[in-house]
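Since the structure comes first, as structure tokens, the remarks are kept for the end.
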Amino acid sequence: MRYLVPVLIGLLYVVLMSLVPEPHRRRLNAVMVAGAGAAYLGGGGLGGWEFAFTAVATWVAYRGLDSWTFVGVGWLLHTAWDVVHHLKGHPIVPFAHDSSFGCALCDPVIALWCLRGGRAPWNRGQGTDEFPAAARSALGTGTAPSKE
């Protein structure tokens, strides 16, 4: 369970984020990377390095507003930071000793999805990131945009 649950959380993240239409999906994920980059600021245990990492993660997240590649790189950077924290710092969740370890397993799942363009799993072969018609109607987002 120690290995499976973080991977399942990463897959759940992918499915839920896939419900957000483009380009909002990429931008929301860039914001999530920025938040993840600051997750350890409240007591990560690595002193000034926490600020340095947050600055790098913020720049990568900013670039991610327009690039799935940068969003994926941001998640991979956070994976590396999770490993450092698991080995040398404090856990991301103070009362859960292995939380940084779990985050280091979850984040690459998200990163791989981002590096592949952040496409909704149900649209893989179609080359589009639009909502399926049933989801659009259930969410009240109207009709599909024209494909001009």
| Per-residue SASA entry for L105, accessible area with 1.4 Å probe, Å² rounded to 10 | 50 Å²
| task | For H97, H86, give the ranking by accessible area with the largest first, probe 1.4 Å. | result | H97, H86
| query | How much of the accessible area of the range 1-58, in percent, comes from carbon and sulfur atoms when a 1.4 Å probe is used? | reply | 80 percent
| Overall form of the range 1-70 per C-alpha gyration tensor (a/c, 1.5; a/b vs b/c) | oblate
| request: Filter the trypsin sites (Lys or Arg not before Pro) in the range 48-124 down to the DSSP loop ones having no more than 12 other Cβ atoms within 10 Å, then list what survives. | output: K88, R116
| task | Using the heavy atoms of the protein chains and a 1.4 angstrom probe, tell me the accessible area per residue for the range 53-102 in square angstrom. | result | 54 Å²
| field | the range 1-127: projected area of the alpha-carbon convex hull, averaged over directions, in nm² | value | 7.4 nm²
| So what are the ³J(HN,Hα) numbers for the range 93-105, from phi and the Karplus equation (6.51, -1.76, 1.60; θ = phi - 60°), rounded to whole Hz, Gly and Pro as x? | 10, x, 8, 10, 3, 9, 5, 5, 4, x, 5, 5, 8
| note | Projected area averaged over all directions for the convex hull of the alpha carbon atoms of the range 33-87, nm², comes out at 3.2 nm²
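The values are calculated or read from the model by the stated rules, or taken from the named source; none is laboratory data. In this text the structure is predicted, and so the values were computed from the model without any measurement. A quick note on method: Cβ atoms are made from the backbone with ideal geometry, for glycine too, and the neighbour counts reach across all protein chains shown. SASA here: full protein model, heavy atoms, side chains in, ligands and nucleic acids out. Shrake-Rupley method; radii C 1.70, N 1.55, O 1.52, S 1.80 Å.
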